Amino acid sequence: MLVPVTDMLKKAYAEKYAVGQFNINNLEWTKAILLTAQENNSPVILGVSEGAAKYMGGYNTIVGMVDGMIKDLGITIPVATHLDHGSYDGGKAAMEAGFSSIMFDGSHYPIEENLAKTKEMVALAHGKGISIEAEVGSIGGEEDGVVGTGEIASVEECVQIAELGVDILAAGIGNIHGAYPDNWEGLEFDVLAQINEATGDTPLVLHGGTGIAADQIKKAISLGVSKINVNTELQWAFQAATREYFEAKKDLEGKGFDPRNILKPGFEAMKATVKEKMEIFGSIDKA
Ligand code: 13P
């Protein structure tokens, strides 16, 4: 069932677990994530960056693919198609195409402009029954051309954005996209606790879920994090399994050249990674 994230994340916030946002790149990614969520009776969020949307053909292609897959594979758990780090124009286009949820990332604007644009996007999204995530204090690292310096969010600005009625709030707390450097000092739990306290029951989002140790993830969930984004780790899982396939020269044996055979080990590896994350996030059997 394609739904906004509102109810699934309110429940997660109240019951202290997190729903995974797994970013998709193509049909295999989508199918691996949906099947794993269904097998584990977990709600799930399909994250789509603007770059990935462009790669797959566009927002309409994605909505069509996800809708069709939900029907054809008999997916009954709650699924959201969520634009990741959406721009002003991208957010509008994704809503037009039928995404059930969007992130409007205005964190690179001065706060007044972020507030004004987020307010406008909240009205548009809610007018269509679509959920909306906003961001304060940019997430460090680079994802699909979106570069952030990794600021720590200001609690006051978080409150200002939350008061606009956003469904979920992403706040920079030392998290970054991609691999964490060896000297990374971990998440800023003091700041997270203050943001959670100050923003009431707004579910919080942890970006940069790749490479954060399970104990830090669990502590973050205890402090209001209800959605955790994972992208790079699925790419690594797919890459490693596919590399192994070619290194073992499996593509040269029998029907090993068939793309469905080539993509299978990567597909299975992604399924295992998604399941592992759902176990750590506590979303299994929460559909
Ligand atoms: P990672 O690639 O570090 O998992 O981050 C994903 C993310 O935050 C998507 O918005």
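Computed from the coordinates by the stated procedures, all read-outs in this text should not be read as laboratory data. Please read all numbers here as calculations on a predicted model, not as lab measurements. Cβ placement follows ideal geometry from the backbone for every residue including glycine, while neighbour counts extend to all protein chains displayed.
Distance in nm between label sites at residue 236 and residue 260, each 7 Å beyond Cα in the beta-carbon direction?
About 3.2 nm separates the two model spin labels.
Who wins for biggest fluctuation among 125, 193, 171 in a Gaussian network model of the chain, springs between alpha carbons below 10 Å?
193
Build a GNM of the chain with springs between Cα atoms under 10 Å: which of 179, 52, 80 gets the top mean-square fluctuation?
With Cα springs under 10 Å in the chain, the top fluctuation among 179, 52, 80 is at 179.
Rounded to two decimal places and with Rh computed the Kirkwood way over Cα pairs, what is Rg over Rh for the stretch 10-124?
Rounded to two decimals, Rg over Rh is 1.00.
Can you pull the three principal axis extents for the Cα set of the chain, in Å, largest first?
Here the spans come out as 62, 43, 35 Å, largest first.
At most 16 other C-beta atoms within 10 Å and a DSSP loop state: those are the exposed chymotrypsin sites (Phe, Trp or Tyr not before Pro) I care about. Give me the longest piece of the chain that has none.
Here the longest segment lacking exposed loop sites spans 1-183.
Give me the lysines in straight-line cross-link reach of residue 119: C-alpha distance below 22 Å, same-chain residues under 8 apart excluded.
By straight Cα distance, residue 119 reaches 10, 92, 128, 227.
Would you kindly state the longest site-free stretch of the chain, with sites defined as trypsin sites (Lys or Arg not before Pro) in a DSSP loop (not H, G, I, E, B) surrounded by at most 11 other Cβ atoms within 10 Å? Can you show the working numbers first?
Working: sites that count: 249, 255.
In the chain, the maximal stretch lacking such sites is 1-248.
Taking the Cα centroid of the stretch 231-287 and of the stretch 67-88, what is the distance between the two, rounded to the nearest whole Å?
Going from one Cα centre to the other spans 20 Å.
Based on DSSP H assignment, which helices of the chain show an axial Cα extent of at least 15 Å together with a mean Kyte-Doolittle hydropathy greater than or equal to -1.0?
27-39, 59-72, 111-127, 232-247, 264-281
At 0.36 nm per residue, and after removing the present C-alpha to C-alpha distance, how many nm does the segment from residue 55 to residue 39 gain when stretched out fully?
Stretched out fully, the residue 55 to residue 39 stretch lengthens by 2.9 nm.
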